[in-house]
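Read the structure below first, then the notes.
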Amino acid sequence: MNELRAIDRLDTAPSFVEHDAVRLNRMFRGHETEEWLRAVIEGNLAGDVAIVSSFGAESAVLLHLIAQVDPRVPVLFLETGKHFAETLAYRDELTDRLGLNLVNLYPEIADLEARDESGLRWSYDPDGCCDLRKVKPLAKALAGFDASFTGRKAFQSSTRANLPRFELDTSDAQGRLKINPLIDWSADDISAYFERYDLPRHPLVVKGFPSIGCSPCTRPVAEGEDARAGRWSGWDKVECGIHRPGEEPFL
């Protein structure tokens, strides 16, 4: 029997504490991503899990990795109403190809009518727009899960450089885990995985979009710029709010 699969599930689930994140990081130190991902999912080490995916530039890698283990894992997509048409088409293409269990999340109509009737809140209050269209719908959906997988990677920006594989979700008071399977992958690792499994690329990547969010708040990135420099350009903002910059890592 594979040694990792023999590990018992943490007895603290579904409510996790900082020690659990520390323990998991130590438990899987030095193991290949595919190996420890399978152990976590098949061994139920993180309880009920979901993937949070933007279906962005590199999303296909994490979606493929997890679909190879269990395609039934829910894939939560925030349908903000502001996505590029290319992103929605890419979402549908990957869902069909990988057999994903896609769950589209929508903002509350009452919230939009009360706080963004014009649909232009992004232009003067991007934090408020993200809160309405991303943070609140995701928080509601994640209340039914013990842990979520994200596609964050250390090379994307300085705010993600020191994140661990497992961390406590500081936006949640119920003890939910946030798991970052690709955090230690390089850009070359990502490219090699796309080629190895012949995964389709997001159509906006070739147009200079290495990081893709909602269309009004995303621009192409110039050579030499940070990969996420095109997100909320001109604003003092680096995350939409579902991930908090500067979160302390668990070593």
Open item on the list: Taking the condition of being farther than 15 Å from residue 88 by Cα, open to solvent by 50 Å² or more (accessible area, probe 1.4 Å), outside any helix (DSSP H, G or I) and out of contact with any Gly (no Cβ under 7 Å at 6 or more places or on another chain), how many residues in the stretch 190-227 meet it?
Closed with: 8
Open item on the list: So residue 102 passes all but one of these: (1) of a type outside the set (Ser, Thr, Tyr); (2) open to solvent by 30 Å² or more (accessible area, probe 1.4 Å); (3) touching a Phe, Trp or Tyr at 6+ places or on another chain (Cβ under 7 Å); (4) farther than 25 Å from residue 198 by Cβ. Which condition number does it fail?
Closed with: (4)
Task: Test result for residue 77, crowded, with 17+ Cβ neighbours inside 10 Å, part of a loop (DSSP other than H, G, I, E, B) and either of a type in the set (Asp, Glu) or within 18 Å of the chain's Cα centre (by Cα) (or both) - done: no
Task: Selection from the stretch 1-36 of residues that are assigned to a loop (DSSP other than H, G, I, E, B), of a type in the set (Lys, Arg) and modelled with pLDDT under 90 - done: 9
Task: Residue count, the stretch 134-180 (criterion: at pLDDT 90 or above, touching a Gly at 6+ places or on another chain (Cβ under 7 Å) and either part of a helix (DSSP H, G or I) or farther than 17 Å from residue 17 by Cα (or both)) - done: 2
- [ ] Can you tell me which residue among 67, 60, 39, 46 is open to solvent by less than 20 Å² (accessible area, probe 1.4 Å), part of a loop (DSSP other than H, G, I, E, B) and hydrophobic (A, V, I, L, M, F, W, C)?
- [x] 46
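The values are calculated or read from the model by the stated rules, or taken from the named source; none is laboratory data. Here the structure is a predicted model, which means the values were calculated and not measured. When we count neighbours, we look across all protein chains shown, and the Cβ atoms used for this are built from the backbone with ideal geometry, even at glycine. Calculation scope for accessible area: heavy atoms of the full protein, side chains included, ligands and nucleic acids excluded. Shrake-Rupley method; radii C 1.70, N 1.55, O 1.52, S 1.80 Å.
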